[in-house]
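Structure first, commentary second.
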Amino acid sequence: MELAIIAGLFGLLIGSFLNVCISRLPRDLAVSVPRSYCPRCGAPIAAYDNIPLISYLLLAGKCRHCRLPISPRYPLVEAATGGLFFAAVWLYGWNWAGLKLCLFSALLVGLMATDIEERILPDEFTKTGAVFGWMLAPVVLLPAALPALLAPSLSPAAWSFLDSLAASVVIPGGLWLLGWTYLKLRGREGLGFGDVKLMMMTGAFLGLQGNLLVLILGSVIGMVAGLGWILARRKDPSTYELPFGLFLGLAALGVAFAGV
Ligand SMILES: [Zn+2]
């Protein structure tokens, strides 16, 4: 329990850093310099005004300098990351499996937020995340049913690694082909390449079986939420761009935490 709380507090700090990434990566700005500033008035944010969650509450959601509202995205991302880190260590323990789930959660929170705000899924999260997923696959073993069947003489760590690699190629590859066909038939993009790279990352962390589930679940959630949104807001369905990455991200969190 204590370790899960420590993980949760650490998650709040990571969430605070994610907020910087979410604001800057889609605009191709450096995340390390300059230090945090108000996006509205440009005033630098002092350390005591930059405490996750607490500062937002103390400042009543307004910048100390210009008094304009701070986006609720900041406390939401911090709370979500803290909550997910707590849950990961609570469920899986203070070990490689818990750490992997924390890392995966942080990447997904970052991606879902940039997808909602900018319809962008930054390579820093997708591609770099995929590399971490492949590196962790031999450490935290994936189900790897197919590789074990095809190459029975290999070790479990090797199967897991192959499962991770295969999931990063096969399912995003199919998705890419689908998007490409749609583009050729309809003459406009129906599926962003960012979604393909997102599925490459989720595959690296979840393996074939998990990633297939993410694609199915994400599509179902996306269809239901998308239809509801279009009907409620009376958006033109032919031009409204759904944040598909958000739905894939939610599905990936579900699959990862369920440990399927
Ligand atoms: Zn300000």
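The values are calculated or read from the model by the stated rules, or taken from the named source; none is laboratory data. A quick note: this is a predicted structure, and the numbers were derived from the prediction, not measured. Methodologically, a virtual Cβ is constructed for each residue, glycine included, from the backbone with ideal geometry; neighbour enumeration extends over all protein chains shown.
General remarks:
- Taking the listed residues Ala251, Ala232, Ala204, the one that is at pLDDT below 90 and assigned to a helix (DSSP H, G or I) is Ala232, with no other qualifying.
- Spans of helices (runs of 4 or more DSSP H) in the stretch 1-102 with at least 2 residues among the aliphatic types (A, V, I, L, M) and closer than 21 Å to Phe257 by Cβ: 2-24, 73-92
- When Pro138, Pro147 are checked against the criterion of being without any contact (Cβ under 8 Å) to a residue 60 or more places away in the chain, in a helix (DSSP H, G or I) and not hydrophobic (A, V, I, L, M, F, W, C), a single residue qualifies: Pro147.
- Residues located in the stretch 101-145, provided they are basic (Lys, Arg) and more than 14 Å from Ser168 (Cβ to Cβ): Arg119
- Residue among Ser16, Ser32 that is more than 16 Å from the ligand (Cβ to nearest atom), polar (S, T, N, Q) and in contact (Cβ under 8 Å) with a residue 24 or more places away in the chain: Ser16
- Test set (1) more than 30 Å from Leu141 (Cα to Cα); (2) away from the ligand (no atom under 16 Å from the Cβ); (3) not hydrophobic (A, V, I, L, M, F, W, C) - Gly93 fails condition number: (1)
- Annotation note: of Val255, Val214, Val224, Val220, the sole residue that is exposed (fewer than 14 other Cβ atoms within 10 Å of the Cβ) and either within 28 Å of Ala137 (Cβ to Cβ) or under 17 Å from the mean Cα position of the chain (by Cα) (or both) is Val220.
- Pro52 away from the ligand (no atom under 16 Å from the Cβ), more than 17 Å from Leu250 (Cα to Cα) and of a type outside the set (Ser, Thr, Tyr): yes
- Residue satisfying all of: in the stretch 55-73; closer than 21 Å to Glu117 by Cα, surrounded by 15 or more Cβ atoms within 10 Å (Cβ to Cβ) and within 9 Å of the ligand (Cβ to nearest atom); farthest from the chain's Cα centre (by Cα) among these: Cys63
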